[in-house]
Amino acid sequence: MIGGGPAGTAAAVAARAHGLEVELLHFVRPPARAGESLPPGCEPLLDELFGEGAVSPEAHRSAYGNEAAWGRDDLASVDFLFSPFGRGWHVDRAALDRGLLARAEAAGVTVHRGARLSQATWGAEGWEVRAAVSDGAVRRSPAVVLIDATGRAARVARSQGARRRRLDRLVAACWELQAEREDPDTSTTVEAAPEGWWYTHAVPGRRRMIGFLTDADLLSHRGARGPHDGRWEPAPPPRVRDALERGGYRAKGPARICDASTSYLDPLTGPGWIAAGDAAVSFDPLSSQGMITALLMGREAGRAAAAACLAGDVEPLSRYAEGYAALLHEHLIHQAAHYDAEPRWPTSPFWSRRGRRPSLLHG
Ligand SMILES: Cc1cc2nc3c(=O)[nH]c(=O)nc-3n(C[C@H](O)[C@H](O)[C@H](O)COP(=O)(O)OP(=O)(O)OC[C@H]3O[C@@H](n4cnc5c(N)ncnc54)[C@H](O)[C@@H]3O)c2cc1C
């Protein structure tokens, strides 16, 4: 297993539960993601995969709703109290990943922290995996199957010739802010603007995330230089600005600029490897579906790996790839409907590129 995010840990515990010996290489390239949101419905899934209490209330903040200025100037609210799944969470991503890794370890997975995959060679005997470990040494291990859960980098799959197909050029500029005082706001605020859209929500430790999503070419016109641009200050639209002003926040560091495109790997599996989570398919962050899908499909990848290794049954692998294609198809339909719901800037480059059904759906 390569990668210790939601997909890698879910795949690891599922494969272990089905009887495989599992080793997981976990490496985080700084800066780590500060905070993200888990939608209602994710907590029961985490409990099912990792055991009761996988989302600790001490480490994360409950989320009770979303507010959006989308297709209108004022905010419309969605209260999670009316959701059959109850509340969501604003999580400290580093703490969530650490917690899930600890639970995977308790379930019998061997976790190598600080081990960065440097090379994976496929041959007649299976894989030889090389990883750089913290003291600069190289660790070599054999493996029968590799699950690539390295996020958008898709480190293993791309080394085996798989290609990343991008369906748009969405990028995110994210800032982590620090407040002087506790912020009682338990919602995520989303606001559309002429050149893209913004979001903000509080995260544990009197911190707040703010993100600006736009296209890569439009961001570079604004003078931002990635991936960490210290000269660029956030200039959010009014509703997001209100949320920041209520908490008296200041930026903790430079903007982190990252790929946020909707994209998929072609193919999703190959001889001896399976891609899972963002490595396989990455979704528009507007959907907030990234982590829940990574967990669900990570579990499927772990099960498929166990069936292939222990029973020589490769049928689950083809069902896995079909399942991912269906999820992407559904995502694209919802994504087009969401962008269609914002008609205020029909001639802006960002909005005029969206809201139409992407060609993938016609193919
Ligand atoms: C701006 C933005 C905001 C988002 N907000 C949300 C949100 O609020 N809610 C939500 O559900 N989703 C959100 N997402 C999506 C979410 O972050 C991803 O879908 C999710 O993290 C995918 O999990 P993963 O395990 O597949 O990959 P990741 O979480 O990216 O984990 C991959 C891991 O592999 C490690 N790795 C990489 N290369 C190597 C290597 N060579 N060796 C060892 N390890 C390696 C990485 O360091 C990382 O720890 C957002 C995405 C963006 C871009």
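The values are calculated or read from the model by the stated rules, or taken from the named source; none is laboratory data. Quantities reported herein were computed from a predicted structural model and do not represent experimental measurements. Methodologically, a virtual Cβ is constructed for each residue, glycine included, from the backbone with ideal geometry; neighbour enumeration extends over all protein chains shown. When the accessible area is computed, the model is the full protein with side chains, heavy atoms only, and any ligands, DNA or RNA have been set aside. Shrake-Rupley method; radii C 1.70, N 1.55, O 1.52, S 1.80 Å.
Loop-located chymotrypsin sites (Phe, Trp or Tyr not before Pro) in segment 169-203 (DSSP state not H, G, I, E or B) with no more than 10 neighbouring Cβ atoms inside 10 Å do not occur. Pair-distance distribution P(r) for the chain, from all Cα-Cα distances in 10 Å bins starting at 0: 5, 24, 33, 26, 11, 2, 0 percent. Look at the dipole of segment 76-121 built from charges on Cβ: of L81, A104, S118, the Cα furthest out on the positive end belongs to S118. Charge dipole of segment 37-83 (Cα centre as origin; +1 on each Lys and Arg Cβ, -1 on each Asp and Glu Cβ, all else neutral): 120 debye, rounded to the nearest 20. About the centre of its Cα atoms, segment 170-259 shows a dipole size close to 300 debye [charges on the beta carbon of Lys, Arg (+1) and Asp, Glu (-1) only; nearest 20 debye]. The residues of the chain expose on average 46 square angstrom of accessible surface per residue, using a 1.4 Å probe on protein heavy atoms. Here is the list for segment 23-55: GluC sites (Glu not before Pro) lying in DSSP coil, each with at most 10 other C-beta atoms within 10 angstrom of its C-beta, are E52. Model label sites at R113 and H334, defined 7 Å from Cα along the beta-carbon direction, differ in position by 3.4 nm. Compared with the dominant principal axis of the Cα atoms in the chain, helix 93-106 is inclined by about 20°.
What do you get for chymotrypsin sites (Phe, Trp or Tyr not before Pro) in segment 79-115 restricted to DSSP loop and a cutoff of at most 14 other Cβ within 10 Å of the site's Cβ? Hits after loop and neighbour filter: F85. In a reduced charge model with +1 at each Lys and Arg Cβ and -1 at each Asp and Glu Cβ, the chain shows a dipole moment near 1040 debye about its Cα centre. Once the Cα atoms are used to define both axes, helix 290-311 deviates from the longest principal axis of the chain by about 10 degrees. Each helix, a run of at least 4 DSSP H residues, gives -39500 (n - 2.57); summed and divided by the residues of the chain, these come to -9500 deg cm²/dmol at 222 nm. Label reach from T186 (point 7 Å along Cα→C-beta): in segment 44-74, amide nitrogens under 17 Å belong to 44, 55-67.
Solvent-accessible area of the chain (1.4 angstrom probe, protein heavy atoms only): carbon and sulfur portion equals 52 percent. Each Cα pair under 8 Å and six or more residues apart adds its sequence gap; the mean of these over the residue count of the chain is a relative contact order of 21 percent. Projected label points at T121 and V78, each 7 Å from Cα along the beta carbon direction, are separated by 5.0 nanometres. Farthest toward the positive end of the dipole of the chain, out of S159, P285, G196, is the Cα of S159, where the dipole comes from beta carbon charges about the Cα centre.
The Cα atoms of segment 267-310 give a gyration tensor whose axes a ≥ b ≥ c have a/c of 1.5 or more with a/b no greater than b/c, which makes the shape oblate. For the chain, find the longest principal axis of its Cα atoms and tell me its angle to the long axis of helix 6-17, 0 to 90°, nearest 10. Around 30 degrees separate the two axes.
The label point for A325 and the one for D266, both projected 7 Å from the Cα toward the Cβ, are 1.3 nm apart. Rounded to the nearest 0.05, the FRET efficiency derived from the C-beta distance between V144 and R87 at R0 = 51 Å is 0.80.
In segment 1-145, the DSSP beta bridges split such that about 85 percent are antiparallel, to the nearest 5.
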